[in-house]
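Pasting a structure here, questions to come.
The values are calculated or read from the model by the stated rules, or taken from the named source; none is laboratory data. These numbers come from a predicted model, not from an experiment. Glycine also receives a Cβ, built like all others from the backbone with ideal geometry; neighbour counts cover every protein chain displayed. The area values use the complete protein model at the heavy-atom level, side chains included, leaving out ligands, DNA and RNA. Shrake-Rupley method; radii C 1.70, N 1.55, O 1.52, S 1.80 Å.
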Amino acid sequence: MEVIQIVAFALIAAFLAIVLREHKPIYAVMIAVVAGIIIFLRVVAYLTTILDYLLDLTLQANISLVYLNTLLKIVGIAYIAEFGAQICRDANEGVIAAKVEFAGKILILIMAMPLLLAVLETILKFVP
């Protein structure tokens, strides 16, 4: 069970970060960042499976790949912003974390505008 390995690794990294936070806080942050990257790299292989599944669904539904591309960019922005905000929180920089989350939300809104317009245009076609 891979999730057990990931959780065990995360708990070890967290323990090391807690121990180091008292004496060398910068190392505690570095451990958190490296652990997050390692966990991400561990599960990134599963992303191809998800992407293939989404591509098949998009093709079966006759939806433009532009929409799938935009959706994937939005999900990517959300994950990256969340990861960055959590790193900032680990470094006790809650204000910066809030700004990272805000920037992510603004970028998601910008990316979502074409999708929103397409939905509105579709709705307006059905309304007399």
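Gain in length, residue 14 to residue 72, computed as 0.36 nm per residue apart minus the alpha-carbon separation, to one decimal in nm?
17.9 nm
So what's the angle, to the nearest 10 degrees on a 0 to 90 scale, between helix 65-90 and the longest Cα principal axis of the chain?
Helix 65-90 and the main axis of the chain meet at about 20 degrees.
Quick one: with all protein chains in place, what share of the accessible area of the range 32-107 is carbon or sulfur, to the nearest percent (1.4 Å probe)?
Carbon-and-sulfur percentage of accessible area, whole number: 72.
Let me ask something additional. Run the reach check for residue 125 against lysines, Cα to Cα strictly under 29 Å, same-chain hits fewer than 8 apart removed. What comes back?
Within the straight-line limit of under 29 Å, residue 125 reaches these lysines: 73.
Just the projected area, averaged over all directions, of the convex hull on the alpha carbon atoms of the range 48-109: how many nm²?
Taking a quarter of the hull surface, the average projection is 4.7 nm².
Right, next: Tell me what the chain gives for mean residue ellipticity at 222 nm when only DSSP H runs of n ≥ 4 count, each as -39,500 (n - 2.57), the sum divided by the residue total, rounded to 500 deg cm²/dmol.
-33000 deg cm²/dmol
With angles folded into 0 to 90 degrees, how steeply does helix 2-23 sit against the dominant principal axis of the chain? Use alpha carbons for both and round to 10.
Once rounded, one gets 50 degrees.
Considering only C-alpha atoms, what is the centroid distance from the range 6-30 to the range 57-85, in Å?
Between the Cα centre of the range 6-30 and that of the range 57-85, the gap is 32 Å.
Here's a follow-up. Projected onto the charge dipole of the chain (+1 at Lys/Arg Cβ, -1 at Asp/Glu Cβ, origin at the Cα centre), which of 112, 7, 45 gives the Cα projection farthest towards the positive end?
112
Between residue 80 and residue 23, what's the calculated FRET efficiency when r is the beta-carbon distance and R0 is 30 Å? Round to 0.05. Write down the numbers at each step before the final one.
Details: r = 31 Å, r/R0 = 1.02.
E between residue 80 and residue 23, to the nearest 0.05, is 0.45.
Further question on the same structure: Roll a 1.4 Å probe over the protein chains and send me the accessible area per residue for the chain in Å². Write down the numbers at each step before the final one.
Details: 9700 Å² over 128 residues.
It amounts to 76 Å² per residue over the chain.
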